[in-house]
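One structure below.
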């Protein structure tokens with residue numbers, strides 16, 4: 001029976017329509033064979049469009065759907081679910097990626113992007129004409145999760161997973177847990193110290209029977225797929241190192257961040273004595289116990305804080321805001337004032353970002369007499385030595401760019417977050433990174449803790465700068481997502497398996513030799529020896545296809561007809 | 001050859017190289033729009049007849065964005081994809097098609113810049129009169 005197809009072209013709120021003329025795309029495909037409905041939509045994934053698709057499928061008795069929108073990694077499952085809800089087998093849905101592979105890739109060439117989008121949609125239509133109804137393959141999934149990194153995010157995620165009755169391997173490369181949390185003093189706005197929070201988490205951890213804590217352990221090997229990963233751990237001990245394999249259904253990566261280390265000479269760092277970073281300042285302040293605040297033999301009466309060092313860089317690579325550092329610097333200056341009330345604080349900022357409840361400590365700091373100077377983005381403060389003190393000069397945006405000079409005994413560079421310098425986990429799991437070099441989620445808003453690698457989630461600051469509260473939020477979210485991969489004990493996989501045409505097959509063993517999963521065996525059929533492919537062990541890689549001398553093997557959804565119909569369209 | 005008419009078909013892989021090509025778009029690393037991608041499960045599952053079909057129908061070049069050592073289906077992927085290219089080169093020669101019009105390179109899931117570099121240089125190669 002001839003297919004009845006519905007086509008939806010998404011504007012993606014301008015992400016596509018700013019570069020691709022979506023009306024032109026619609027007009028170019030609306031009269032294609034089998035197409036009985038073609039529409040443009042502002043957001044194909046939006047609730048209202050999903051309802052329209054549901055109604056269209058039912059009203060027009062559609063037997064296939066094509067949505068041209070973002071990458072299928074993002075919304076293939078969304079539109080398959082729409083199809084299912086409307087009573088259409090989800091494998092009759094075909095996705096055309098006209099955002100990542102057209103509008104964004106060719107944002108410099110709108111005509112080219114539009115022409116390409118038209119062909120991509122036509123190719124998807126060609127495939128949809130041939131698509132068949134299928135049932136998913138169900139596999140067993142191990143009810144266990146590896147959490148890599150035992151900082152605040154890893155700890156919260158591990159505890160959360162354990163409470164959902166999953167077996168958890170909490171893997172930490174250091175000999176202690178806590179990561180950067182142990183080095184934090186007052187955490188705003190709750191006024192709890194990092195140490196206190198860590199003690200609470202340690203107590204929670206001890207209560208969990210499902211967690212195996214592995215310190216001094218690094219993940220050095222990875223094989224398998226979602227539901228059944230094998231990780232090889234290198235565990236260091238007093239008598240050398242040993243290796244151990246663990247098997248898990250999902251992996252949650254929470255490897256944290258490093259603090260930005262300024263370059264020599266950056267605001268006088270490593271060149272002028274008493275120019276230090278915020279983490280160094282916190283250490284010194286924590287250990288200061290004399291009546292006067294003394295550093296490097298000098299009594300400190302005034303402190304200048306220079307914000308956004310290593311973040312929001314105009315010339316450097318780190319364009320991002322590190323989110324936590326404004327609050328951390330204001331809090332540190334308040335902690336200093338509590339200990340030494342007579343010290344004068346000067347804050348040289350690019351605009352204070354103590355968002356949400358953290359604004360309260362900014363107010364408190366102002367009330368305490370701290371002075372805030374907002375310097376221009378393109379004119380960072382100039383730090384020089386002057387008569388035994390340090391001079392900080394900057395144009396103040398709030399007083400018509402008038403140059404203001406402060407003399408301070410100590411300069412604190414408010415350094416931001418940078419990705420973990422140990423890149424081994426990213427390389428091992430091939431986790432995509434964004435422009436900021438932190439690990440990339442599939443979608444910031446819609447799939448914020450999933451990666452393109454099935455079964456691997458990310459949490460905390462390995463994904464980008466976050467404060468403690470945000471790290472905990474993302475950890476709980478990633479734990480819930482990893483739990484969803486393993487909790488049912490089984491997973492639905494694509495029913496993409498190979499099959500052999502017994503009439504043309506003359507057993508030669510080539511397909512069996514090529515199969516890495518021993519899924520192909522020789523059977524007697526139609527009076528001869530032929531190949532038989534086991535559906536439950538075939539993983540759908542297709543390695544058996546090109547080696548067959550009689551071209552007797554096809555892969556579901558990637559048949560010669562489907563592939564060649566797409567090639568023919570794209571060649572036009 | 002008219003510069004605008006150069007067409008390249010890319011066979012990417014769903015889990016490894018296609019995410020890299022997506023990320024090239026995300027990062028707005030531009031490349032010629034006449035580069036079209038069809039994602040397959042694994043680069044060692046590409047049939048030579050599909051590549052030949054692409055040439056027959058008018059593609060100027062075919063680029064296999066192979067899984068390489070990252071292939072989740074097995075370590076033999078690079079070798080098997082190489083064998084496909086070798087087999088197809090023979091078929092191309094028989095049809096009088098210059099073997100350099102089929103190119104293969106391993107691309108990992110984050111090799112966006114590498115992808116763009118490859119397709120741009122392939123595009124340049126195909127623009128040369130001898131191709």
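Give the number of residues within region A:536-561 that are more than 10 Å from every other protein chain (Cβ to nearest Cβ) and either over 33 Å from the mean Cα position of the chain (by Cα) or part of a strand (DSSP E or B) (or both). The number of residues fulfilling the criteria is 5. State whether one or more residues within region A:259-276 are outside the structural domain of residue A:150 (by TED's automatic domain parsing), assigned to a strand (DSSP E or B) and more than 24 Å from residue A:439 (Cβ to Cβ). Checking region A:259-276: at least one residue is outside the structural domain of residue A:150 (by TED's automatic domain parsing), assigned to a strand (DSSP E or B) and more than 24 Å from residue A:439 (Cβ to Cβ). Evaluating residue A:81 against the criteria (1) free of Cβ contacts under 8 Å to residues at least 24 places away in the same chain; (2) within 15 Å of residue A:117 (Cα to Cα) leaves one unmet condition, (2). Within region B:17-30, the residues that satisfy the criterion of being buried (at least 22 other Cβ atoms within 10 Å of the Cβ), touching a residue at least 60 places away in the same chain (Cβ under 8 Å) and within 7 Å of chain A (Cβ to nearest Cβ) are B:19, B:21, B:23, B:24.
Flag set for residue B:28, criterion: out of contact with any strand residue (DSSP E or B) (no Cβ under 7 Å at 6 or more places or on another chain), part of a loop (DSSP other than H, G, I, E, B) and modelled with pLDDT of 90 or more.
Scanning region A:98-118 for residues that are crowded, with 24+ Cβ neighbours inside 10 Å, facing chain B (nearest Cβ under 7 Å) and not in a helix (DSSP H, G or I) yields a total of 3. The listed residues are A:462, A:505, and the only one of them that is away from every other protein chain (no Cβ under 14 Å) and either surrounded by fewer than 21 Cβ atoms within 10 Å (Cβ to Cβ) or within 30 Å of residue A:357 (Cα to Cα) (or both) turns out to be A:462.
Scanning region A:10-18 turns up at least one residue that is under 26 Å from residue A:133 (Cα atoms), surrounded by 14 or more Cβ atoms within 10 Å (Cβ to Cβ) and in contact with a helix residue (DSSP H, G or I) (Cβ under 8 Å, 6 or more places away or on another chain). Of all residues in region B:50-86, those satisfying the criterion of being facing chain A (nearest Cβ under 7 Å) and either closer than 27 Å to residue B:6 by Cβ or touching a strand residue (DSSP E or B) at 6+ places or on another chain (Cβ under 7 Å) (or both) are B:50, B:53, B:54, B:57, B:58, B:59, B:72, B:84. Do we find a residue being crowded, with 20+ Cβ neighbours inside 10 Å and within 12 Å of chain B (Cβ to nearest Cβ) anywhere in region A:157-177? Looking for residues that are crowded, with 20+ Cβ neighbours inside 10 Å and within 12 Å of chain B (Cβ to nearest Cβ), one finds none in region A:157-177, hence no. In region A:507-533, the qualifying residues are those that are assigned to a loop (DSSP other than H, G, I, E, B) and over 25 Å from residue A:134 (Cα atoms), and the one that is modelled with the lowest pLDDT is A:526.
Consider residue A:504 carefully, then state whether it is part of a strand (DSSP E or B), touching a residue at least 12 places away in the same chain (Cβ under 8 Å) and not assigned by TED's automatic domain parsing to the domain that holds residue A:125. Here the answer is no, as residue A:504 does not meet what is asked.
The values are calculated or read from the model by the stated rules, or taken from the named source; none is laboratory data. Only a predicted model underlies this, so the values are computations on that prediction, with no experimental measurement involved. Reconstructed Cβ throughout: ideal geometry from the backbone, glycine too, with neighbour counts over all protein chains shown.
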